[in-house]
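The values are calculated or read from the model by the stated rules, or taken from the named source; none is laboratory data. Keep in mind it's a predicted model, so treat the numbers as computed, not measured. Cβ coordinates were reconstructed from backbone atoms using ideal geometry, including for glycine residues, and neighbour counts include every protein chain displayed. In case anyone asks, the SASA skips ligands and DNA or RNA and just uses the protein heavy atoms, side chains included. Shrake-Rupley method; radii C 1.70, N 1.55, O 1.52, S 1.80 Å.
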Amino acid sequence: MPATPDPEKPWGGRFTAPTDAFVEEFTASVGFDQRLALQDIRGSIAHACMLAECGVLDDAEFTVIAEGLEAVRADIEAGQFEWSVKLEDVHMNIERALVERVGDVGKKLHTARSRNDQVATDIRLYLRERIDGLLTALRSLLDGLVALAEREADTLMPGYTHLQAAQPIAFGHHMLAWFEMILRDTERLRDCRRRVNVLPLGAGALAGTTFPIDRERVAELLGFDAVAENSLDAVSDRDFAIEFTACASILMMHYSRMSEELVLWNSQAFGFIDIADAFCTGSSMMPQKKNPDVPELVRGKSGRVFGHLVGLLTLMKSQPLAYNKDNQEDKEPLFDTVDTLDAATRAFAELVPTLRVRRERLRAAAAQGFINATDLADHLVRMGRPFRDAHAVVGAAVALAVERGCALDELTLEDYRRFDAGLDESIFNALDMDRALNARNHFGGTAPAQVRAACIRARERIARTLD
Ligand code: ARG
């Protein structure tokens, strides 16, 4: 008996029975890959143009196909496109819409191409665009951090180790530490973009095509820097998605650290900063509350991105060459990673310039934690004491100050002379907080002059990374 192909399915020819309804739903990706529609159309037009230039299509056919695809694009943009699960994915939905519009000539579009190289091309085009958007947002975050660092270059605060007050630092220096993290992430993302921007199209299903194609031309039309070297690798490689998600994970890890500090600093216990009302929300029960929801959410969202990284690695683990349907599972984690990273970056870029720094509270906290103890010990070393002896003398002074509930500069010279008879008034200079801050005056140090110089370099480094 002759087969009756399912008229809905572009691949229905070798089938004699329709697809099970559940299987149709189960295997479809159109619910999420329709996000790639514009990239799919762009890729198809470039492919058809190259086929015409190589004589595989004639010019009239190319014109009809290109105009038809533009019309489909207009429908999609106008929200007038009906996506069908029966047509499985974004590629077959668009191809069918083209054929419905322009007739049989539309069926020639898929010459010398497979959905395998098509989808890999679409994702790369999509991710490249989103990386460019991210780089722009990262630039504004970096600019904001440098501006805040410059504004608060002289602002004294306690620096911490183990979340215990440790040594005096400038608030601006702390902002520049954040800057370093985010600049490294920006460099990583730029580097990742180079490996995203490679053209798979022309790899066909896995082994290339028998038609005389010009892959360099397609790369040129689509703005790819290079053409994938190996057809098997081209259709199966998802390293670029894993790499992007790894970059995103490190970024989100950094955002989570910044968030944690913002939440702590914004608490009543610290009171170091005020996060603007626009970035906070209230409590439905407790009228006094103003919660730092935005940094809390960013901190929380880091989890899903780390999860996507592990998910994508596991997706690719043990896959034999070349394309496998498993790969369809790459899109949702990748899309969610891009969206989450984009939102978090935007949140930080907008929040940072609005931060109100409570300088008096920072100074008061700096006066409390004995953060000038190292400075006093260093001073004793300069007076000729071995560092270990100096450490012990200052340790004893700290114990006395703890007992009295006072600061180191509130002990008297007589108190100090009990621990080291040779001490003089100069120790009080050494205990001066601003002096201690300014004394850390070397490349990479926290002295306000260094912070200002680092801000100038930071602006140049942003330009070098992103121009
Ligand atoms: N929807 C598929 C994906 O996202 C497109 C490629 C399918 N290719 C195939 N031969 N079934 O990976």
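The C-beta contact set for segment 187-207 (first residue touching a residue at least 60 places away in the same chain (Cβ under 8 Å), second residue in a loop (DSSP other than H, G, I, E, B) and within 13 Å of the ligand (Cβ to nearest atom), distance under 6 angstrom, 6+ apart or interchain) comprises GLY204/SER114; ALA205/SER114; LEU206/ALA322.
Flag set for ALA37, criterion: among the aliphatic types (A, V, I, L, M), under 23 Å from ASP117 (Cβ atoms), in a helix (DSSP H, G or I) and within 16 Å of the ligand (Cβ to nearest atom). It is to be established whether one or more residues within segment 332-345 are polar (S, T, N, Q), within 16 Å of the ligand (Cβ to nearest atom), touching a residue at least 60 places away in the same chain (Cβ under 8 Å) and in contact with a helix residue (DSSP H, G or I) (Cβ under 7 Å, 6 or more places away or on another chain). No: segment 332-345 contains no residue that is polar (S, T, N, Q), within 16 Å of the ligand (Cβ to nearest atom), touching a residue at least 60 places away in the same chain (Cβ under 8 Å) and in contact with a helix residue (DSSP H, G or I) (Cβ under 7 Å, 6 or more places away or on another chain).
Rundown of residues vs (1) among the basic types (Lys, Arg); (2) open to solvent by less than 20 Å² (accessible area, probe 1.4 Å), yes/no style:
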{"residue": "ARG238", "(1), (2)": "yes, yes"}
{"residue": "PHE244", "(1), (2)": "no, yes"}
{"residue": "ALA248", "(1), (2)": "no, yes"}
{"residue": "GLU261", "(1), (2)": "no, no"}
{"residue": "ALA269", "(1), (2)": "no, no"}
{"residue": "PRO287", "(1), (2)": "no, no"}
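Just checking, does segment 151-163 include any residue being aromatic (Phe, Trp, Tyr), more than 16 Å from the ligand (Cβ to nearest atom) and open to solvent by less than 10 Å² (accessible area, probe 1.4 Å)? There is no residue in segment 151-163 that is aromatic (Phe, Trp, Tyr), more than 16 Å from the ligand (Cβ to nearest atom) and open to solvent by less than 10 Å² (accessible area, probe 1.4 Å). Here LYS331 meets each of (1) basic (Lys, Arg); (2) part of a helix (DSSP H, G or I); (3) open to solvent by 50 Å² or more (accessible area, probe 1.4 Å) with one exception, condition (3).
Residue count for segment 197-218, restricted to those that are closer than 20 Å to GLU243 by Cβ and not in a loop (DSSP other than H, G, I, E, B): 2.
On the given criteria, is LEU362 part of a helix (DSSP H, G or I), away from the ligand (no atom under 16 Å from the Cβ), surrounded by 15 or more Cβ atoms within 10 Å (Cβ to Cβ) and among the hydrophobic types (A, V, I, L, M, F, W, C)? Judged against the criteria, LEU362 is a match. Scan segment 1-37 for residues that are of a type in the set (A, V, I, L, M) and surrounded by fewer than 18 Cβ atoms within 10 Å (Cβ to Cβ) and the total you get is 5.
Quick grid of which residues meet (1) among the hydrophobic types (A, V, I, L, M, F, W, C); (2) part of a strand (DSSP E or B); (3) open to solvent by 60 Å² or more (accessible area, probe 1.4 Å):
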{"site": "LEU351", "(1), (2), (3)": "yes, no, no"}
{"site": "HIS379", "(1), (2), (3)": "no, no, no"}
{"site": "ASP389", "(1), (2), (3)": "no, no, yes"}
{"site": "LEU400", "(1), (2), (3)": "yes, no, no"}
{"site": "GLY422", "(1), (2), (3)": "no, no, no"}
{"site": "ALA436", "(1), (2), (3)": "yes, no, no"}
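May I ask you to say which residue of ASP122, ASP75, ASP89, ASP132 is away from the ligand (no atom under 16 Å from the Cβ), under 32 Å from the mean Cα position of the chain (by Cα) and over 20 Å from GLU53 (Cβ atoms)?
Values: ASP122 fails: away from the ligand (no atom under 16 Å from the Cβ); ASP75 fails: under 32 Å from the mean Cα position of the chain (by Cα); ASP89 fails: away from the ligand (no atom under 16 Å from the Cβ).
Checking each option against the conditions leaves just ASP132.
Anything in segment 16-32 that is of a type in the set (S, T, N, Q), within 23 Å of VAL119 (Cβ to Cβ) and more than 33 Å from the chain's Cα centre (by Cα)? List them, or say none. THR19 - this is the single residue of segment 16-32 that is of a type in the set (S, T, N, Q), within 23 Å of VAL119 (Cβ to Cβ) and more than 33 Å from the chain's Cα centre (by Cα).
So which residues in segment 297-320 are touching a residue at least 24 places away in the same chain (Cβ under 8 Å), in contact with an Asp or Glu (Cβ under 9 Å, 6 or more places away or on another chain), away from the ligand (no atom under 14 Å from the Cβ) and not β-branched (Val, Ile, Thr), if there are any at all? Selection gives ARG299, ARG304, HIS308.
Out of GLY311, GLY307, GLY303, which single residue is buried (at least 16 other Cβ atoms within 10 Å of the Cβ) and assigned to a helix (DSSP H, G or I)? Don't jump to the end; show me each part of the working.
On the way: GLY307 fails: buried (at least 16 other Cβ atoms within 10 Å of the Cβ); GLY303 fails: buried (at least 16 other Cβ atoms within 10 Å of the Cβ).
Unique residue meeting the criteria: GLY311.
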